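Reading through the structure tokens given below for one structure.
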Amino acid sequence: QVHLVESGGGLVQAGGSLRLSCAASGRTFNAYMAWFRQAPGKEREFVAAIGWSGGSTLYSESVKGRFTISRANPRNTVYLQMNSLKPDDTAVYYCAATIFNTNLLQAVGYNSWGQGTQVTVSS
């Protein structure tokens, strides 16, 4: 099991930037890490994922070119750099982890979750 703690959320104007962090502890070796988000009244949606080495990444079409996922393994930390933010990016952002790569684009593919951090983008 992996314990995850997110930080870095907040309120930002449209066009601005934020960087989210996810500190991981426990069985992090070979874990795929990801960010999901959930807006009020909507399902949790995939944002980005990264492999253990950091060499492979996946992005949703809605954030590709604006968000960047990265990880620092010595510190077991995953980051999500969010640029050119839009009001539609407003959501609670969750960090997730899994050791399996069979379903990285859906929430059911992950068995460890953080508590979430709120990101609000004003127009």
Subset of the range 91-123, residues small (Gly, Ala, Ser) and exposed (fewer than 15 other Cβ atoms within 10 Å of the Cβ), comes to 122, 123
Which strands (runs of 3 or more DSSP E) sit wholly inside the range 56-123 and have at least 3 residues that are under 14 Å from residue 4 (Cβ atoms) and within 10 Å of the chain's Cα centre (by Cα)? 77-82, 91-98
What are the residues in the range 65-123 that are over 14 Å from residue 35 (Cβ atoms) and of a type in the set (D, E, K, R), if any? 75, 86, 88
Would you pick out the residues in the range 68-82 that are open to solvent by 30 Å² or more (accessible area, probe 1.4 Å), touching a strand residue (DSSP E or B) at 6+ places or on another chain (Cβ under 7 Å) and of a type outside the set (D, E, K, R)? 68, 70, 76, 79, 81
Those residues of the range 5-28 which are closer than 18 Å to residue 70 by Cβ and not aliphatic (A, V, I, L, M), in sequence order: 6, 7, 8, 9, 17, 19, 21, 22, 28
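The values are calculated or read from the model by the stated rules, or taken from the named source; none is laboratory data. Every value quoted in this text rests on a predicted model; they were computed, and no experiment measured them. Heads up, the Cβs are rebuilt from the backbone with ideal geometry, glycines too, and the neighbour counts pull from every protein chain shown. In case anyone asks, the SASA skips ligands and DNA or RNA and just uses the protein heavy atoms, side chains included. Shrake-Rupley method; radii C 1.70, N 1.55, O 1.52, S 1.80 Å.
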